[in-house]
Amino acid sequence: TDFLIVAWYVPCLAAIETLQELCRKENLRCKAIGITNRSLKSYEVEYLCDYKVEEGTEYYLVKWKGWPESSNTWEPEKNLKCPLLLQNFLSDKNEYLSRLRDSKALEVRNHVNALKPLVADYIVKKAKQRIALWRWKEELNRKKNHKAMILVENTVDLEGPPLDFYYINEYKPAPGINVLNGITTGCECADCPAEKCCPKEAGFILAYNKQKKLKIQPGLPIYECNSFCRCGPDCPNRIVQKGTPYSLCIFRTNNGRGWGVKTLQKIKTNSFVMEYVGEVITSEEAERRGQLYDNQGNTYLFDLDYDSDEFTVDAARYGNVSHFVNHSCDPNLQVFNVFIDNLDLRLPRIALFSTRTIKAGEELTFDYQMKGSIDLTSDSADGLGPSKKRIRTVCKCGAVCCRGYLN
């Protein structure tokens, strides 16, 4: 008798180092994760946990990569060949001691024979956070579909990556919602834009100038060339669909607004910066979720109200870098509705363009009350937007023209 064996594969959420720890703890071999007879006893410093001086010799407590914490050992400094980890250890120690001095909680001495438990505990937490944020950065860059890099930075607190956030590059439609319909033909231009190019066919002007910068006013739609068009990838009417061209950094803000996003490159006026994506749901479902989110304080609802208010984008669990962009009453980004492979006016794509020149290192923001109303809290923790407001929330944007409240 022939038997059909069906194998089911699911992604493992544990890091390789965690799996290696389990293997070594149980004395198991697994070539797939690098645990062989030869490597079973290999040692590499993952981070440094503690410090002491005995008989004039400095020792560091070492957490070995791929080994459980029960295998930590004290090693003399001369045996350690990890200058960056030593630098991180000393930097984290000095940062913590500096905060103690500032709070005047106690007298702190730099030269000690052993660290206080609170200091060592902080150093370990920072080391674990640094590893977790590095892994998150690697994951984001694996999943993105554009060339520019995504960095992650937290020099403010011990907050790690969000636990329930999944990076996506385009809309994730709920069952029954089709975000790819309405396109059956494209332009026949040999050199866009021509007389019969996509914007003119839709009754509008081309949105971009020769420098590929936006030239239309807010409120007007953008019609880009689509997958049926004859033109190639270098067409000047293909901007949003290529993804963000700028390297960006998700960073922890120092004034209670949670995570934010800053650009690592100069951005010129009227340039495309990023697209706002998430789950596409009905407005009825958005209302139901909004009531739940009010209790949790983590709503990211963006109404697609260009033509009607039938659909909403929810970026609470699924989204891209725009999930972390904060509000400002004096923003440097503006919302535009874009149509590419879907001409359904109820389902525009949402693009964010620069309103002025943005310097490298500057935070990116947009006004949650601008056209395409939005309801954002949690990591972009300024509060609730106007579309589904239920409580009055104080604005923390710090702009000279700040309205004081988000709603």
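The values are calculated or read from the model by the stated rules, or taken from the named source; none is laboratory data. The model shown is predicted, which means the values in this text are computed figures rather than measured ones. A quick note on method: Cβ atoms are made from the backbone with ideal geometry, for glycine too, and the neighbour counts reach across all protein chains shown. Quick note on the areas: whole protein, heavy atoms, side chains included, nothing else; ligands and nucleic acids left out. Shrake-Rupley method; radii C 1.70, N 1.55, O 1.52, S 1.80 Å.
Figures for the structure shown
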| read-out | value |
| --- | --- |
| Segments 155-162, 331-338, 58-65, 25-32 sorted - mean Cβ within 10 Å per residue, highest first | 331-338, 58-65, 155-162, 25-32 |
| Computed Kirkwood radius, in angstrom, where 1/r is averaged over Cα pairs of region 134-197 | 16.3 Å |
| Rough spin-label spacing in nm, given labels placed 7 Å along Cα→Cβ, for Ala32 and Glu159 | 3.6 nm |
| Surface share of carbon and sulfur [accessible, 1.4 angstrom probe, percent] for the chain | 51 percent |
| Members of Lys242/Lys359; Lys213/Lys262; Lys147/Lys213; Lys143/Lys396 lying beyond 27 Å, as alpha-carbon distances in this model show | Lys143/Lys396 |
| Options (i) 25.8, 85; (ii) 21.1, 69; (iii) 35.9, 128 - which one matches Rg and Dmax of the Cα atoms in Å as calculated here | (i) |
| Heavy-atom surface of the chain, accessible at 1.4 Å and reported per residue (Å²) | 54 Å² |
| FRET efficiency, 1/(1 + (r/R0)^6) with R0 45 Å, evaluated for Gln265 and Tyr43 via beta carbons | 0.65 |
| Average Cα contact separation per residue, the chain, under 8 Å, 6 or more apart, as relative contact order % | 12 percent |
| Residue-span extension gain [Ser70 to Leu86] - 0.36 nm each, minus C-alpha spacing | 3.7 nm |
| Net length gained if the chain between Glu138 and Lys213 were fully extended (0.36 nm per residue, minus Cα distance) | 23.9 nm |
| Stretch gain in nm, segment Glu77-Ser227, where the contour uses 0.36 nm per residue and the Cα spacing is subtracted | 48.0 nm |
| For the chain, size of Cβ-based charge dipole, Lys and Arg +1, Asp and Glu -1, in debye | 1080 debye |
| Counted charge near Tyr223, where neighbours are those whose Cβ lies closer than 9 Å (Asp, Glu -1; Lys, Arg +1) | -1 |
| Relative frequency of Cα-Cα separations exceeding 22 Å in region 48-140, percent | 32 percent |
| 0 to 90° range, to nearest 10: angle between helix 16-26 axis and the chain longest Cα axis | 40 degrees |
| Helix 283-296 axis, angle to the chain major axis (alpha carbon atoms, nearest 10°) | 30 degrees |
| Which of Arg101, Arg257 is most accessible, then next, and so on - probe 1.4 Å | Arg101, Arg257 |
